[in-house]
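Working notes, structure below.
The values are calculated or read from the model by the stated rules, or taken from the named source; none is laboratory data. Bear in mind that the values here come from a model prediction, so they are computed numbers and not experimental data. With ideal geometry, Cβ positions are generated from the backbone for all residues, glycine too; neighbour counts draw on all protein chains shown.
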């Protein structure tokens with residue numbers, strides 16, 4: 001097994017693949033006006049699909065849930081079946097870098113904590129292509145929350161993800177790509193802890209016992225623990241902003 005195998009084992013069984021919560025998903029969805037009664041939605045990088053299920057409940061529409069890790073999709077399929085939402089959710093194992101949908105296909109595109117894999121600006125442009133006229137895009141994106149940010153935080157994000165920026169600059173980029181920004185709001189700290197980092201902490205403890213003599217696995221687990229501690233220390237300075245925009 002390599003590092004990616006241990007990484008996915010860590011994430012298997014977690015409620016979410018990143019920060020978020022159903023209340024924030026609903027709040028973002030409720031910013032959208034004049035939607036069809038059964039909108040066609042693309043959920044890019046759906047992970048285990050907590051937000052996918054919530055979208056199915058509140059939209060009454062059809063959702064294509066796209067991810068390239070089958071373990072996440074298997075969990076989503078099981079949960080959708082249990083909730084009798086499987087008729088609304090089509091699961092697709094595909095990289096977001098290889099999407100082959102026709103332009104102007106979707107009423108809504110959704111991506112919580114995943115669009116950055118495409119490069120933020122490239123991701124915005126691709127989503128705009130795939131949306132119908134007046135269609136909506138809802139995403140969460142890493143941002144700096146204050147003007148003055150400690151150097152440790154800047155160095156951390158430069159090593160992880162260089163598309164992070166101030167909220168105002170992110171808003172300007174959204175407009176530059178050709179979207180009307182409808183609303184935006186900060187995900188609360190609980191969005192990071194309750195459904196993501198707290199369950200991950202428990203999972204780390206379980207796997208540390210399982211892999212106590214495996215150096216590669218322990219490096220993956222230690223890196224994840226360091227990420228959690230870093231957030232606890234510096235969450236005043238960075239977070240996720242939910243952006244809701246219209247083509």
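Values for this structure:
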read-out	value
Qualifying residues in segment 172-188 (those that are touching a helix residue (DSSP H, G or I) at 6+ places or on another chain (Cβ under 8 Å) and part of a helix (DSSP H, G or I)) - the one surrounded by the most Cβ atoms within 10 Å (Cβ to Cβ)	174
Failed item, numbered, when residue 163 is tested on (1) in contact with a helix residue (DSSP H, G or I) (Cβ under 9 Å, 6 or more places away or on another chain); (2) more than 23 Å from residue 109 (Cα to Cα); (3) at pLDDT below 95	(2)
Whichever residue in segment 88-105 is part of a loop (DSSP other than H, G, I, E, B) and in contact with a helix residue (DSSP H, G or I) (Cβ under 6 Å, 6 or more places away or on another chain) and, among such residues, is surrounded by the fewest Cβ atoms within 10 Å (Cβ to Cβ)	103
Selection status of residue 214, within 17 Å of the chain's Cα centre (by Cα) and surrounded by 15 or more Cβ atoms within 10 Å (Cβ to Cβ)	no
Identity of the residue in segment 214-247, in contact (Cβ under 8 Å) with a residue 60 or more places away in the chain and in a helix (DSSP H, G or I), that ends up nearest to residue 167 (Cα to Cα)	234
Subset of segment 1-39 [farther than 25 Å from residue 206 by Cα, touching a helix residue (DSSP H, G or I) at 6+ places or on another chain (Cβ under 7 Å) and in a loop (DSSP other than H, G, I, E, B)]	39
Residue match in segment 115-124 (condition: farther than 30 Å from residue 5 by Cβ and either in contact (Cβ under 8 Å) with a residue 40 or more places away in the chain or more than 13 Å from the chain's Cα centre (by Cα) (or both))	yes
Odd one out for residue 52, checked against (1) more than 21 Å from residue 23 (Cβ to Cβ); (2) modelled with pLDDT of 95 or more	(1)
Residues of segment 9-63 classified as buried (at least 23 other Cβ atoms within 10 Å of the Cβ) and at positive phi, total	4
Residue check for residue 205: under 20 Å from the mean Cα position of the chain (by Cα) and either surrounded by 17 or more Cβ atoms within 10 Å (Cβ to Cβ) or without any contact (Cβ under 8 Å) to a residue 60 or more places away in the chain (or both)	no
Filter result (part of a strand (DSSP E or B), under 21 Å from residue 31 (Cα atoms) and touching a strand residue (DSSP E or B) at 6+ places or on another chain (Cβ under 8 Å)) within segment 122-171	131, 132, 134, 135, 136, 137, 138, 139, 140, 141, 142, 143
Single match in 85, 66, 42, 73 (criterion: at pLDDT 95 or above, part of a loop (DSSP other than H, G, I, E, B) and either touching a helix residue (DSSP H, G or I) at 6+ places or on another chain (Cβ under 8 Å) or within 22 Å of residue 139 (Cα to Cα) (or both))	85
Boolean, residue 116 is in a strand (DSSP E or B) and surrounded by 15 or more Cβ atoms within 10 Å (Cβ to Cβ)	no
